[in-house]
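See structure below.
The values are calculated or read from the model by the stated rules, or taken from the named source; none is laboratory data. If you're wondering where the values come from, they're calculated on a predicted model, not measured in any experiment. Heads up, the Cβs are rebuilt from the backbone with ideal geometry, glycines too, and the neighbour counts pull from every protein chain shown. Ligands, DNA and RNA are stripped out before the accessible areas are found, and what is left, the full protein with its side chains, is counted by its heavy atoms. Shrake-Rupley method; radii C 1.70, N 1.55, O 1.52, S 1.80 Å.
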Amino acid sequence: MTGRIVVVGAGVAGVTAAQTLRREGYTGEIVLVGAEHALPYRRPTVSKDLLAGAVALERALLKPAKFWADGDIDLRVATRVDELDVERGEVRLSTGEVLGYDSLLLATGARSRAVATDSRRVHTLRGLADVAALRAAIVDGGSLLVVGGGLIGCEVAATARGLGAQVTLLEAGPALLERIVPAAVSAVVADLHRGHGVRIEHGVSATIVDTAGGVTATAADGRSWTAAAALVAIGAEPDTALAEAAGLAVNDGIVVDQHYRTSAPGVFAAGDVATGFDPLRGEFARGQHWNGAMSDGAAAARAMLGHEVPPVEVPWGWSDQYGVSLQFAGCVHPHDELVVAGDLAAHDGTVLALRDGRPVGAVAVGRPRDVRALRPVIAAGEPWAGGSLLETVAAR
C-alpha cells in the first residue's frame, strides 16, 4: 500500500500509530508532525521522574533518535499543522509547506485547563516545556500550592515533597482522585499525602493572585493560602482547534466511530483528542490515560489500512506516589458495590466495583498484578459470581 499518511501529534497515540502502520505492512510515506521541540517522550514521566530530576530526557524518550530514520518515518519536531483542508486533502505546516495526504490521523492530545491569571508564579504541567520552570519554582521557592487533587496534582504534590518543598493541596471536591477511585481508596491516598506532610483542603474553588509573599489562593468562604508558587492541575481539554476550523464534528473531543473515522473522509482521530462510544459506560466518552492513547493509536492505524480493528480495551492507568503504586481499570462510580481484598490502609489491597451485579472497575494499591488480572473480568461483562476476589485474581 503506497501513498502518504500524515499523523498530526507526536504523543504516544501518534507515535504508536506510525509504528503500527509500518508493522502492518504500509510501504508509503509516513509523516509524523509534532509541535514540541523534543523527540517523542513518555509523558507520564513529566510529573514524576523528569520533574524530580531523577532521569535525563534521553531515558524518557519513546525511541532513540536513529529509530525514526531507520523505520523510514519522517518525524517533524517543532512543527505545527496550522491548517487542515479536508476538501483538498492537504495540511499546511508552520514551516509554510503544504502536504497532501491519502489518510490523516489527528492525535493532537489535550491542553491543561488554566485559571484567569497572568502571574508567572502560577504554572500548569502538560509537557516537557513546562518542567524546568515548575521545578525551579519548587526548588527555589520552597513552597507550593497545588490546585486540583487529580492524578497530576497528587503526583506533583508527592514530587514536590520529595524535593523538600512545603505543599498545600487544594481540591474543589470532597475527595482526591474522585473521578477514578472509590472513596475508600481516596481516603488512603489522602492519608498517604498527609503522612508525608502535605496539607489538604477540600471544598476549595480558589481565586489566585500575586502577593508580596508569592501567590495567594482565596476560597469563596474567605479561607486563603500563600506559597512561593502554584500549580493549577484542574484537568485537561481536548485540543480540537484544528479539527473545528476544518469543520469536523466535535463534542468534548473529535467525534469518531468504532473505526476511528471522523466526519471527514480519510480523516481519523485517536488518543486524548478523540471521543467515541465506550461500551463499558454505554455512552460517548474520551480517554485520558497513557495506555488508552497507545491502544487507540495502534487500532486507528489498522483501521486506516482497512485491517481488522480489535475491540475497545478496558481503559486503565497507573500512578506512583511516595513509592506506593496505584493502578486502576474501568470506570468506578460513587454508588457502585465494592468487593475488597487485602488491606488498603497498609497499601496492599484491591477493590472490584460492581454495577447491577457486573464488574465495571478495579483499583489496586500496591498490587499491580491484580488489575492486570481483573481487566479481562471487566471486559467480559459477566455477572459477578461472588466468592473470593483473591481466588479470582489467582485463577487469572
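Worth pointing out:
- When only Cα pairs below 8 angstrom with a gap of at least 6 residues are kept, the range 238-288 shows a relative contact order of 29 percent.
- Sum of side-chain charges, ALA346 neighbourhood, beta-carbon under 15 Å (Lys, Arg +1; Asp, Glu -1): -3
- Additional length obtainable on full extension of the chain from ARG120 to ARG4, 0.36 nm per residue less Cα span: 37.5 nm
- Here is how the number arises for the chain: DSSP H runs of 4 or more residues each give -39500 (n - 2.57), the sum is divided by the residue count, and the result at 222 nm is -7000 deg cm²/dmol.
- Environment charge of LEU50, counting only residues whose C-beta is closer than 15 Å and scoring Lys/Arg +1, Asp/Glu -1: 0
- Sequence-distant contacts, meaning Cα pairs under 8 Å at least 6 residues apart, place the relative contact order of the range 319-384 at 32 percent.
- The chain: relative contact order in percent, alpha carbon pairs under 8 Å with at least 6 residues between: 15 percent
- Rolling a 1.4 Å probe across the protein heavy atoms gives the chain an accessible surface of 44 Å² per residue.
- Accessible area of the range 77-184 belonging to carbon and sulfur atoms, whole % at 1.4 Å probe: 44 percent
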